[in-house]
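Enquirer: This is the structure, below, for whatever I ask next.
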Amino acid sequence: MTEADSEKVDLRSEIPRFKPATPPAAFGEFVENMRRLQDLAVSIDAPDEVYAAAQEKTAELIELLAPFEAREGKGPANRSMQLPGRGSLLMPPWKVEKFDEESVVATGVLRRYHLGGGGVAHGGVLPLIFDDNFGMVVYAAKRPISRTAYLHVNYRKVTPLNVPLAIEGKVDRVDGRKTFITARLTEEDGTLLADGEGLMVQLLPGQP
Ligand SMILES: CCCCCCCCCCCCCC(=O)SCCNC(=O)CCNC(=O)[C@H](O)C(C)(C)COP(=O)(O)OP(=O)(O)OC[C@H]1O[C@@H](n2cnc3c(N)ncnc32)[C@H](O)[C@@H]1OP(=O)(O)O
């Protein structure tokens, strides 16, 4: 078996196996600094010389990091379960609080770089949170590896920034290859902000 073959799941599908990572000590702080940079990049109103200095520093950073670019599943980003958002900058920095067959709960805040307009979260961020939750529900419920066929979000109230939020998703029903999942996004006091439903379809061998 080649190294590439050993990274495939043979019993359920051929998509890459999810392998949790134990990140190097400085990785978590590096990601948090990158998140802070994202907050600043979307919010600062600085003089030209500040942008010029920042541009030089970011160019240095790119030069430092570029030689270490690795294929999917090799670096710690997206696989570090103990870090907010699994250490992925794509994901909001939320922590998984519950991960079992009954449900998956994640909590966290949305921050400045998630701003849509009017001081509240961009509507497009919510499907990302729901989709990620659905993916974890499929894993936690030990359903076969699946992809999202559809995802429907009902926006019940605007979603505030910098306020503790929680999403809880669970399997609603199963029909052959199809797993239907429902989830609710709430504030700490239980106020419903959005609810969603999705269909995850089991991948067949050979499906990407
Ligand atoms: C420790 C572990 C931690 C884990 C952490 C990791 C978390 C990571 C989380 C990341 C998570 C990210 C996750 C992501 O974001 S996955 C990325 C987003 N999703 C995609 O890119 C999927 C693209 N689409 C496809 O690949 C195919 O269309 C799929 C595979 C979905 C189905 O194509 P396939 O050719 O295989 O199947 P089929 O067409 O015969 O359909 C099969 C059945 O399904 C029914 N159907 C299909 N579509 C729909 C629809 N739209 N509405 C209603 N029904 C629909 C269909 O009627 C049929 O039903 P039935 O006639 O049998 O009754």
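The values are calculated or read from the model by the stated rules, or taken from the named source; none is laboratory data. None of the values given here were measured: they were computed from a predicted structure. FYI the Cβ positions are ideal-geometry reconstructions off the backbone, even for glycines, and counts take in every protein chain you see.
Enquirer: Which is farther than 25 Å from Glu29 by Cβ, surrounded by 15 or more Cβ atoms within 10 Å (Cβ to Cβ), without any contact (Cβ under 8 Å) to a residue 24 or more places away in the chain and among the small types (Gly, Ala, Ser), of Gly135, Gly116, Gly198?
Expert: Gly116
Enquirer: Here is a further query. When you go through Glu101, Glu97 one by one, which is the residue that is part of a loop (DSSP other than H, G, I, E, B) and among the charged types (D, E, K, R)?
Expert: Just one listed residue meets the conditions, Glu101.
Enquirer: Arg71: closer than 26 Å to Ala26 by Cα and either of a type in the set (Val, Ile, Thr) or more than 13 Å from the chain's Cα centre (by Cα) (or both), yes or no?
Expert: yes
Enquirer: Separate question: In this structure, is Arg71 among the basic types (Lys, Arg) and touching a helix residue (DSSP H, G or I) at 6+ places or on another chain (Cβ under 9 Å)?
Expert: It is false that Arg71 is among the basic types (Lys, Arg) and touching a helix residue (DSSP H, G or I) at 6+ places or on another chain (Cβ under 9 Å).
Enquirer: Only residues that are more than 8 Å from the ligand (Cβ to nearest atom) and either buried (at least 18 other Cβ atoms within 10 Å of the Cβ) or not basic (Lys, Arg) (or both): list them for segment 139-150, please.
Expert: Those that are more than 8 Å from the ligand (Cβ to nearest atom) and either buried (at least 18 other Cβ atoms within 10 Å of the Cβ) or not basic (Lys, Arg) (or both): Ala141, Arg143, Pro144, Ile145.
Enquirer: I need a count of the residues in segment 171-198 that are more than 21 Å from Gly123 (Cβ to Cβ) and either at pLDDT below 95 or within 15 Å of the ligand (Cβ to nearest atom) (or both).
Expert: Here the count works out to 10.
Enquirer: Something else now. Looking only at residues in segment 104-147 that are small (Gly, Ala, Ser) and closer than 18 Å to Arg184 by Cα, which one is farthest from the chain's Cα centre (by Cα)?
Expert: Ranking the candidates gives Ala141 first.
Enquirer: Taking helices (runs of 4 or more DSSP H) that fall entirely within segment 3-67, which contain at least 1 residues that are surrounded by 10 or more Cβ atoms within 10 Å (Cβ to Cβ) and at pLDDT 95 or above?
Expert: 27-41, 48-65
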